[in-house]
Amino acid sequence: MAAAEIYDYIASATADNDVTLSLDVRGDIVERGMMNFERHYFDDGTFETIILDSTKVAFVDFAMSNVSESDAGTLFDAYWNSGTGNMGAESFKWASSDGHTYVVVFETDLSRSRKLGNLHGFETVTLRILGKV
């Protein structure tokens, strides 16, 4: 089977803000996708699928633990800054570790923890991929 990436299945997009976020994610990055459809199951065990919109939607989830104040500040600023993510209201570019750049938005709130030794962490960061650059 050939290698495949989210990049191969999504359309191009233009970000609201021409800023590229590059992070050193040292843990796992979970990629997931979906399409807007409804599936109706019938009493006889059969089902019918109704595709409401054929646009493919992709997400990436990752955690960042025990990162420096500087690295944590980069992500925190991207979330809060109105010139980047604007708390999820605006899109920006994300340089993924797969070698591609995507247009993304923050899909969920961002929670940062502060730890002893001036280390920081983010339990879950979820980006919705709107398209590729």
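The values are calculated or read from the model by the stated rules, or taken from the named source; none is laboratory data. Not measured: the values here are computed from a predicted model. Cβ atoms come from the backbone with ideal geometry, glycine included; neighbour counts cover every protein chain shown.
Please specify each residue of region 108-121 satisfying the condition of being more than 14 Å from the chain's Cα centre (by Cα) and in contact (Cβ under 8 Å) with a residue 24 or more places away in the chain.
112, 115, 118, 119, 120, 121
Just checking: which of the strands (runs of 3 or more DSSP E) contained wholly in region 51-133 hold 3 or more residues that are in contact with a Lys or Arg (Cβ under 9 Å, 6 or more places away or on another chain)?
Passing ranges, in order: 101-106, 119-132.
Please determine, by comparing only the residues of region 1-48 that are assigned to a strand (DSSP E or B) and small (Gly, Ala, Ser), which one is surrounded by the fewest Cβ atoms within 10 Å (Cβ to Cβ).
Result: 12.
Test each condition in (1) closer than 18 Å to residue 123 by Cβ; (2) surrounded by 14 or more Cβ atoms within 10 Å (Cβ to Cβ); (3) within 13 Å of the chain's Cα centre (by Cα); (4) at pLDDT 90 or above for residue 91 and report the one that comes out false.
Unmet for residue 91, out of (1) closer than 18 Å to residue 123 by Cβ; (2) surrounded by 14 or more Cβ atoms within 10 Å (Cβ to Cβ); (3) within 13 Å of the chain's Cα centre (by Cα); (4) at pLDDT 90 or above: (1).
Could you identify the single residue in 67, 19 that is among the aliphatic types (A, V, I, L, M) and more than 16 Å from the chain's Cα centre (by Cα)?
Criteria check complete, one pass: 67.
Counting just the residues of region 49-87 that are charged (D, E, K, R) and surrounded by 13 or more Cβ atoms within 10 Å (Cβ to Cβ), which one comes out nearest to residue 30 (Cα to Cα)?
61
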